[in-house]
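Here's the structure we're looking at; comments come further down.
The values are calculated or read from the model by the stated rules, or taken from the named source; none is laboratory data. Small disclaimer: the values here were computed from a predicted structure and weren't measured. We place every Cβ from the backbone using ideal geometry, glycine too, and count neighbours over all the protein chains shown. Ligands, DNA and RNA are stripped out before the accessible areas are found, and what is left, the full protein with its side chains, is counted by its heavy atoms. Shrake-Rupley method; radii C 1.70, N 1.55, O 1.52, S 1.80 Å.
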Amino acid sequence: MFTKSQNLPGMLEQAAAVFRGAAGQLPPVSKQELAQRARHFAWAVRFGLDEPAAIQRLHQATGGLRDVSSLRRLLPRILDGALGLMAADFGNIQLLDPVTGSLRIVTQYGFGPEFVDYFAVVDDGHAACGRAAKECAQAVIADVAADPDFAPHRDIAAACGFRAVASTPLADNAGHLIGVVSTHFRRPHRPFGTDLQVMELYADYAGEALAGHLSAPAGGDPGDPVGRAMLSALLGPGTGQAPDAAVRPGPGDASAARRISQPPRTKRCPGSRGTSCTGSSRSA
């Protein structure tokens, strides 16, 4: 299958090796974390009932991801799907270094060597990807020229031609952070709340697919059976429809054009093994 996104040879192999080397040190999921993830996926089912058209888009974007045979083929597919869902001009995927908490770029679309060299390793919270990894939640910068925290990176943004960025964490079903997928826009842009939430569900599915190539649960631990069951129910083959759910979502994104509610998201923060963090979308 043709993909427009491209891996970065050498950088991908190195980042994957670093992640796999530390994957066995990740702690098992706790009962409390399972309950938090259950609430998150129950919101996802309710979202599917309220927004069937959005779920159909998601179903189309995720089709076949679990069947991709290698990490090398999977990453460009994931980035292509994210670009399509967000109607973005550029994008990239970074994998987490679980030891240092830094992000390593492995796949990109639309950027040249200057961007790749500059963002080869990100270990600060100024860029959107760093915020998403640090806070374990989506980070949106609607205009990099107006965001004070992004100031250290404005020159490279201007040189590469992007003015807005949305970064979404990628995690496995147990909530362990794997990396970040970022979508960039040529002009100032704040995505609609529905689009951001579709993107978050897409990252759930993509994160599970990535985890299958990067690591296996230690000791036969199945990870998060609730999350896996909910994703299967939400995106079962040929459905695009979600079953009913008993848990209603919490407060939504006040900046969204349409009010779609969303509870906190649970992921393991880099650099804080054995703990989990929750966070909703952050906009700047």
Next item on the list: Looking only at the stretch 135-159, count how many residues are surrounded by fewer than 19 Cβ atoms within 10 Å (Cβ to Cβ) and either aliphatic (A, V, I, L, M) or part of a helix (DSSP H, G or I) (or both).
Entry: 12
Next item on the list: Would you tally the residues in the stretch 12-25 being open to solvent by 40 Å² or more (accessible area, probe 1.4 Å) and touching a helix residue (DSSP H, G or I) at 6+ places or on another chain (Cβ under 8 Å)?
Entry: 2
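Sort out for me the helices (runs of 4 or more DSSP H) sitting completely within the stretch 1-62 that have 2 or more residues that are among the small types (Gly, Ala, Ser), under 18 Å from residue 203 (Cα atoms) and touching a residue at least 12 places away in the same chain (Cβ under 8 Å).
Those helices (runs of 4 or more DSSP H) span 31-50, 52-62.
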Next item on the list: For the stretch 91-100, state whether one or more residues are within 21 Å of residue 161 (Cα to Cα) and part of a loop (DSSP other than H, G, I, E, B).
Entry: no
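Does the stretch 101-131 hold any residues that are within 21 Å of residue 177 (Cβ to Cβ) and part of a helix (DSSP H, G or I), and which are they?
To start, the set of residues in the stretch 101-131 that are within 21 Å of residue 177 (Cβ to Cβ) comprises 101-108, 119-131.
If the condition is that a residue be within 21 Å of residue 177 (Cβ to Cβ) and part of a helix (DSSP H, G or I), then 128, 129, 130, 131 are the ones that fit.
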Notebook entry, point to check: So residue 107 fits all but one of (1) of a type in the set (Ser, Thr, Tyr); (2) at pLDDT 95 or above; (3) open to solvent by 10 Å² or more (accessible area, probe 1.4 Å); what number is the exception?
Noted result: (3)
Check: Just wondering, is there one or more residues in the stretch 37-44 that are at pLDDT 90 or above and either crowded, with 18+ Cβ neighbours inside 10 Å or charged (D, E, K, R) (or both)?
Finding: no
